[in-house]
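As structure tokens, the structure follows; a few thoughts come after it.
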Amino acid sequence: MRFLRNYLWFVIFIFSSSFASSVQPEEFRLRAHHIFWKKQEANTDREIHFGRGVAAKILGKYQLLRDESKANYVSQIGTGISAQLGRPEIRYYFGILDTEEINAFAAPGGYIFVTKGALKLMRNEAQLAGVLAHELAHVGQKHIIRKLKLQSTDSSVTSGIAQVLGGASLSAKIALERLNDLAFKMLMEEGLSKDDEADADQKALEMLITTGYDPQSYLDFLKSLKPHLAQGTAEVLSKTHPTIEFRYSKLKEFISRNELDKIQGKKNEKRFKKIMAAL
């Protein structure tokens, strides 16, 4: 919505200037459209470049699972959901991390990972779709970039953020590497805010409903995490996310407030179990 509002104000400004010019309004509209999208492309390129560095750090810690059929399946489900984000300028990448840890990660620019341990815990495709939708929401809302921007007091980090967001020259390689380190630490140790996680959960539920998946399956998956958090098999998840009780209660409030209680959808349990067999 903010994206659309900014675009509309920009077009209105350009049109208002046309009265002082001999150029026709249609030409102004086309120029405005061209300039606006050139800026968006530049910003997106920087976001993707930043996210690629963060994804590289994730893959420095975990190896990718070498199973083409499972990887293709996760990518297919994730790509289908990503259309709901309204960011067609991003090409999304999905991967399975070969670890028994239970977690999933999203790096800026569309790099999404889910662990083998998380897939083992899932019971159907709707749960997989919910987890991927949650991570996609972090990308769509630029949660990591926004948190880095708000928290930064270090001038070198501020410079790197400006580069990512399109507001500085390209002389900030060291700062950008520093940003990659901070984003990686955020994913592995600090986490995002409770509000960001609740926002991602709610947007995940909306995307599940829009794509025809069963929303309750995502809540069931969240509940299934609780014993694993206590046992330590989801250590990183426990450090970087709010409690399951908090997330579950927030989602139940969201469902009740929007009268979504009776909505059901596909689970595709048989297909999920067939493809994910022998994990």
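Just a few scattered comments:
- If you check PHE94, PHE113 for being under 20 Å from HIS228 (Cβ atoms), free of Cβ contacts under 8 Å to residues at least 60 places away in the same chain and among the hydrophobic types (A, V, I, L, M, F, W, C), only one passes: PHE113.
- Residue in the range 78-85 that is touching a residue at least 40 places away in the same chain (Cβ under 8 Å), in a helix (DSSP H, G or I) and among the hydrophobic types (A, V, I, L, M, F, W, C) present: yes
- Just one of the listed residues (LYS274, LYS250, LYS194, LYS267) is within 22 Å of ALA104 (Cα to Cα), surrounded by 14 or more Cβ atoms within 10 Å (Cβ to Cβ), out of contact with any Pro (no Cβ under 9 Å at 6 or more places or on another chain) and not polar (S, T, N, Q), and it is LYS267.
Condition check ((1) buried (at least 21 other Cβ atoms within 10 Å of the Cβ); (2) closer than 23 Å to LYS267 by Cα) across all residues:
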position: THR44; (1), (2): no, no
position: TYR62; (1), (2): no, no
position: GLU68; (1), (2): no, yes
position: ALA71; (1), (2): no, yes
position: GLN76; (1), (2): no, yes
position: SER82; (1), (2): yes, yes
position: GLY86; (1), (2): no, no
position: GLY109; (1), (2): yes, no
position: LYS120; (1), (2): no, yes
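- Looking across the range 215-237, just one residue is hydroxyl-bearing (Ser, Thr, Tyr) and within 17 Å of ALA198 (Cβ to Cβ), and that is TYR218.
- Scanning the range 236-279 for residues that are in a loop (DSSP other than H, G, I, E, B), touching a residue at least 12 places away in the same chain (Cβ under 8 Å), among the aliphatic types (A, V, I, L, M) and out of contact with any Leu (no Cβ under 7 Å at 6 or more places or on another chain) yields LEU260, ILE263.
FYI, it's all coordinate maths here, none of it is from the lab. Because the structure is a prediction, the values reported are computed rather than measured. Here the Cβ is made from the backbone with ideal geometry for all residues, glycine too, and neighbour counts use every protein chain on show.
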